[in-house]
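First comes the structure, then the notes that go with it.
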């Protein structure tokens, strides 16, 4: 009986040790799919000699979208975030360098700078990202991108022009990656519209 009792105690100790090790071991996190917005419009134009320097301020973002979480909607007035899919950076962090690159590629400015810059600039471009989400309430599903832009003259702080840009780009498939594809296309379209707006109002 003593031999059996010791055997049972040994089994209990082994099982207890195994369970404790399982509880204390690091929890494996679920794999995340990380995506970026990188598309910019193509400019095939000669450089124009305009002595204009433009400052591009970091875009402000509506609080619901000021995150690396990827937003979507499946019913009116509702918003959610994908669990395993996210952006590599916040919308502001992704879009500011793309705005700068697009304006530089237009060859319409002496320089395009960002804060903090010691360069003397003539105009300031302020933007606000009002919406950046995948919309499954319609068919085909759409990637919605809304950006408000305001152009200010440095001298006197005068507001030169304001405009809201709205792009609803069809998604090629009803999936987060389908939204990423449409998102890059929407970004390319809206960047061209913003650049044209700035060029038109800084002549």
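Within segment 104-139, the set of residues being in a loop (DSSP other than H, G, I, E, B) and in contact with a strand residue (DSSP E or B) (Cβ under 8 Å, 6 or more places away or on another chain) comprises 109, 110, 114, 115, 117, 119, 120, 121, 122, 136, 137. Residues that are assigned to a loop (DSSP other than H, G, I, E, B), touching a helix residue (DSSP H, G or I) at 6+ places or on another chain (Cβ under 8 Å) and over 25 Å from residue 153 (Cα atoms) within segment 45-85 comprise 66, 79, listed in sequence order.
With respect to the stated conditions, residue 168 fails to be buried (at least 17 other Cβ atoms within 10 Å of the Cβ) and free of Cβ contacts under 8 Å to residues at least 60 places away in the same chain. Taken together, the residues in segment 167-186 that are within 16 Å of the chain's Cα centre (by Cα) and within 17 Å of residue 86 (Cβ to Cβ) amount to 9.
If the condition is being in contact (Cβ under 8 Å) with a residue 40 or more places away in the chain and part of a helix (DSSP H, G or I), then segment 187-201 contributes 187, 188, 189, 190, 191, 192, 194, 195, 197, 198, 199.
Residues in segment 52-79 that are out of contact with any strand residue (DSSP E or B) (no Cβ under 9 Å at 6 or more places or on another chain) and either at positive phi or surrounded by 15 or more Cβ atoms within 10 Å (Cβ to Cβ) (or both): 1 in all. Filtering segment 20-44 to residues that are assigned to a loop (DSSP other than H, G, I, E, B) and modelled with pLDDT under 75 leaves 25, 26, 27, 28, 29, 30. The residue that is modelled with the lowest pLDDT, among those in segment 149-161 that are surrounded by fewer than 16 Cβ atoms within 10 Å (Cβ to Cβ) and in a strand (DSSP E or B), is 153.
The values are calculated or read from the model by the stated rules, or taken from the named source; none is laboratory data. Please read these numbers as outputs of a predicted model, since none were measured by experiment. Quick reminder, even Gly has a Cβ in these numbers, built from the backbone with ideal geometry, and neighbours come from all protein chains shown.
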